[in-house]
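Participant: If you scroll down you'll find the structure; I have some questions about it.
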């Protein structure tokens, strides 16, 4: 079955992600360093947004971003299953949701490419995978990506949040999501269905995401600007396993 352009691009994003995973499988050192980069970024987000994670209104949304957009988990099996059902996705789900999934795919692909580039830069300075220091992270940030790359990464993350916030003002779309549970599960899309419903419910409970998303935008862009200006990343207290206390924030 021929796919529409959105479906084709979603598949292309998944192929890019798989290419990065294959590179890491063939090179254990690279894979280990990517894991360290992801652990640092997960903990950095938790530290940057510690106030949001404990906020009575924004806490659930901050945890959603921390785990679903900045989470260090390996989603390879999920992505493989997802790639097989993209035709069902574009056929069954409303266009607004397909567009949101496309933004997710673009964010996923870009982030994986940048994480690989960061890890290669770190390995060029030390022969074995090691936890990231703030100084090393800042140096490799400047070598591994451009301001345009990082701005696109931030914009895509915000686009996903803005889309979820927009869904909360569309009762018909929420009703459609509920009706999609059975068909989505039958088509192998239950993980995506759960993500969308959890995101919708999290943003609906916030009763307006503008302030939260503005905070994300301001802090992420300020950090990116500081790093590109020659600054260091935050120095984080990581445990031997690569996770700090804030990085253990519970899933919803």
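The values are calculated or read from the model by the stated rules, or taken from the named source; none is laboratory data. The shown structure was predicted, so the numbers you read here are calculated from the model rather than taken from an experiment. Heads up, the Cβs are rebuilt from the backbone with ideal geometry, glycines too, and the neighbour counts pull from every protein chain shown.
Participant: Tell me which of these residue 169 doesn't satisfy, since it passes every other one: (1) in a loop (DSSP other than H, G, I, E, B); (2) surrounded by 14 or more Cβ atoms within 10 Å (Cβ to Cβ).
Facilitator: (2)
Participant: Here is a follow-up. Looking at (1) more than 30 Å from residue 118 (Cα to Cα); (2) touching a residue at least 24 places away in the same chain (Cβ under 8 Å); (3) surrounded by 15 or more Cβ atoms within 10 Å (Cβ to Cβ), which is the one condition that is false for residue 197?
Facilitator: So residue 197 meets the others, but not (2).
Participant: Which residue pairs have Cβ atoms closer than 6 Å, lie 6 or more positions apart in sequence or on different chains, and pair a first residue in the range 161-180 that is modelled with pLDDT of 80 or more with a second residue that is surrounded by 15 or more Cβ atoms within 10 Å (Cβ to Cβ) and in a loop (DSSP other than H, G, I, E, B)?
Facilitator: Correct list of pairs: 165/209.
Participant: Related question: Do we have residue 66 as buried (at least 21 other Cβ atoms within 10 Å of the Cβ) and within 15 Å of the chain's Cα centre (by Cα) here?
Facilitator: yes
Participant: Examine the range 229-242 for a residue that is modelled with pLDDT of 90 or more and within 21 Å of the chain's Cα centre (by Cα), and state whether such a residue exists.
Facilitator: Yes, the conditions are met somewhere in the range 229-242.
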